[in-house]
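Structure first, then comments.
Values quoted throughout were computed directly from the atomic coordinates according to the rules given, and no laboratory measurement underlies them. Everything numeric here is computed off the predicted structure, so don't read it as measured data. Every residue, glycine among them, receives a Cβ derived from its backbone with ideal geometry; neighbour counts consider all protein chains shown.
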Amino acid sequence: MEDCIFCKIVKGEIPSYKVYEDEKVFAFEDISPISEGHTLVVPKRHAQNLWEIPDEDLTAVHLVSKKIIAAIKDVLEPTGVACLQLNGPGANQVVMHYHLHLIPRISGDPELPVTSWELKQGDMEAIKQTADKIAAAIK
């Protein structure tokens, strides 16, 4: 895709701090990091989101993310790594090219809003009905 910033990064048209590259995946440091080591893992082939990404590219991204997380653990010694992936403007996806954020976390870091919410039990019947509808729609 011509206008896609991540496609331009993959092609080398825009500089990046590359962490990993193979025939299907490119990983680089986020230039607006939430924490040290915040890495983006993208498929080389353009797909906007989880609805569009081919299975083989999705698999490749997640297998590579496992390698990168191991390296992050060795180098930065985080207490955890948040894996964040957003789909569509309604979920605040800004760059419309599938990408997985790997965000190292250490003790004392401020909470990530998406990883912290009030736990309160929902309406179990409504939850069951929604689950049944989704399960029935799976192809």
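Would you call A82 without any contact (Cβ under 8 Å) to a residue 12 or more places away in the chain and either of a type in the set (G, A, S) or touching a strand residue (DSSP E or B) at 6+ places or on another chain (Cβ under 7 Å) (or both)? Here the answer is no, as A82 does not meet what is asked.
Tallying residues that are surrounded by fewer than 16 Cβ atoms within 10 Å (Cβ to Cβ) and in a loop (DSSP other than H, G, I, E, B) within segment 88-108 yields 7. In segment 1-16, the residues that are without any contact (Cβ under 8 Å) to a residue 12 or more places away in the chain reach residues that are part of a helix (DSSP H, G or I) with C-beta atoms within less than 7 angstrom, at least six apart or across chains, in these pairs: I14/I5; I14/K8.
The rows are residues; the columns are (1) surrounded by fewer than 13 Cβ atoms within 10 Å (Cβ to Cβ); (2) of a type outside the set (G, A, S); (3) in a strand (DSSP E or B).
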{"site": "F28", "(1), (2), (3)": "no, yes, yes"}
{"site": "Q48", "(1), (2), (3)": "no, yes, no"}
{"site": "V64", "(1), (2), (3)": "no, yes, no"}
{"site": "K67", "(1), (2), (3)": "no, yes, no"}
{"site": "V75", "(1), (2), (3)": "yes, yes, no"}
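Of the residues making up segment 110-139, those that are more than 29 Å from A60 (Cβ to Cβ) and either part of a loop (DSSP other than H, G, I, E, B) or touching a Lys or Arg at 6+ places or on another chain (Cβ under 8 Å) (or both) number 10. Looking at segment 107-120, can you tell me whether even one residue there is of a type in the set (G, A, S) and touching a helix residue (DSSP H, G or I) at 6+ places or on another chain (Cβ under 9 Å)? Checked against the condition, which is being of a type in the set (G, A, S) and touching a helix residue (DSSP H, G or I) at 6+ places or on another chain (Cβ under 9 Å), segment 107-120 yields no hits at all.
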